[in-house]
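The values are calculated or read from the model by the stated rules, or taken from the named source; none is laboratory data. Given the structure is predicted, the values throughout are model-derived calculations rather than measurements. As a convention, Cβ positions derive from the backbone with ideal geometry for all residues, glycine included, and neighbour counts pool all protein chains shown.
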Amino acid sequence: MIRGIRGATTVTSNDAEEIVDATEELLRHMIQANGIKASDVVSVLISVTDDLTAAFPAQALRRIEGWTYVPVMCTREIPVPGSLPGCIRIMMTAQTAKAQDEVIHIYLRNAVQLRPDLSLTKKTDL
């Protein structure tokens, strides 16, 4: 079955290293929590808020061994007034045997407020 796996995180500044590092952290949590292999991934879509322009967060995927050939694209979020600033969101589409309610979506840092109902609150949950 093909499933969407969501994740989001935030950064404190428009700094290239911070953006790529935070994206890598999020990707690694998503991969680990869901037991995803690169060969199971259809594509990864990464969006950022308008205030993040210092780097392409997709660079983070290339830091992960074995993920060289996974298609990845970056885009901008809709700039809704009052939305969470400094936010990086990921939609990973992958093949998995998990039922939709078994997929673990990851929300880190200030992004926990986006979906508190789906957020893991302890690192031991991962």
Flag if ILE46 is under 24 Å from PRO116 (Cβ atoms) and under 10 Å from the mean Cα position of the chain (by Cα): yes
Residue that is part of a helix (DSSP H, G or I) and over 22 Å from VAL112 (Cα atoms), where the choices are ARG62, ARG28: ARG62
Near pairs, Cβ below 9 angstrom, 6+ apart or cross-chain, from region 87-106 (in a helix (DSSP H, G or I)) to any residue that is surrounded by fewer than 15 Cβ atoms within 10 Å (Cβ to Cβ) and hydrophobic (A, V, I, L, M, F, W, C): GLN100/MET1
Flag for ALA16 being free of Cβ contacts under 8 Å to residues at least 60 places away in the same chain, surrounded by 18 or more Cβ atoms within 10 Å (Cβ to Cβ) and more than 27 Å from ALA99 (Cβ to Cβ): no
Flag if LEU84 is modelled with pLDDT of 95 or more, in a loop (DSSP other than H, G, I, E, B) and surrounded by 12 or more Cβ atoms within 10 Å (Cβ to Cβ): yes
